[in-house]
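S.K.: Right, I'll just put the structure down here and ask away after.
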Amino acid sequence: MNTNAGSEVATLGGGCFWCTEAVFLDVEGVLAVESGYCNGHVSNPSYEQVCSGDTGHAEVVRVSFDPQRIAFRELLEIFFVVHDPTTLNRQGNDVGTQYRSGIYTHGDEQDRIAREVIAELQASGAMRGKVVTEVTPERNYWRAEAYHQNYFAQHPGQGYCAFVVAPKVEKFRKTFAARQRR
């Protein structure tokens, strides 16, 4: 993924990366989004290997963003609205460790902010259960295959996109209208 001088990177796992990617591509201040896999034990895994649940990887998106236009904390606020951080290893019908909720940090400051946001979210009572999102440094990242990149935009009528991805994008647009890319 190309990043600009002064940009930062956030790596987020919120279930299927098609959903998360589609949302963050629509966020003002986001420069690029790339679907991939991280925090597993296999080098350069395929989608099929990751889907087996045997590699330990999570489906993630790497989000390059301009911190002058959107803060890491704001990205996390969006992240927690567009997925369910209270279900362990599951998002809707997508079940397995590869669909776990995770914030894969790039430094101590991101770790601190992630833990702070989770504590605030939990204390607010806004969630119906305990937030199970893991916070750990990003490691062993691999870019997903080319056909996964920008998937929703290329296949909006595909069943999963129409019934799972589109509602998440719409939820982002309704909840964060001011943060939507113009």
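S.K.: With labels modelled as points extended 7 Å from the Cα through the Cβ direction, what inter-label distance (nm, one decimal) is found for Asp54 paired with Lys130?
M.R.: In this crude spin-label approximation the distance works out to 3.1 nm.
S.K.: Using r as the Cβ-Cβ distance of Tyr47 and Ala71, and R0 as 30 Å, what FRET efficiency do you calculate, to the nearest 0.05?
M.R.: 0.40
S.K.: When the label point is put 7 Å from the Cα of Asn4 along its Cα-to-beta-carbon vector, which residues of the range 157-182 have a backbone N closer than 17 Å?
M.R.: 180-182
S.K.: Is the shape of the range 1-147 best called rounded, prolate or oblate, per the rule: a/c under 1.5 gives rounded, else a/b larger than b/c gives prolate, else oblate, with a ≥ b ≥ c the square roots of the Cα gyration tensor eigenvalues?
M.R.: Oblate is the answer for the range 1-147, as a/c is 1.5 or above yet b/c matches or exceeds a/b.
S.K.: Viscosity 0.692 mPa s, temperature 37 °C: give me the Stokes-Einstein translational D for the range 113-182 in µm²/s, with Rh taken as the Kirkwood radius over C-alpha pairs.
M.R.: 212 µm²/s
S.K.: Among the lysines, which have Cα under 23 Å from the Cα of Lys130 when same-chain residues fewer than 8 positions away are ignored?
M.R.: Lys168, Lys171
S.K.: Taking other Cβ within 10 Å of each residue's Cβ, how do Lys171, Lys130 sort, fewest first?
M.R.: The order, fewest Cβ neighbours first, is Lys130, Lys171.
S.K.: Based on other C-beta atoms within 10 Å, arrange His83, His148 from fewest to most.
M.R.: His148, His83
S.K.: Okay, next question. Provide Cys19, Cys38 in ascending order of the number of other Cβ atoms located within 10 Å of each residue's Cβ, fewest first.
M.R.: Cys38, Cys19
Computed from the coordinates by the stated procedures, all read-outs in this text should not be read as laboratory data. Only a predicted model underlies this, so the values are computations on that prediction, with no experimental measurement involved. Please note: Cβ atoms are built from the backbone with ideal geometry, for glycine as well, and neighbour counts cover all protein chains shown.
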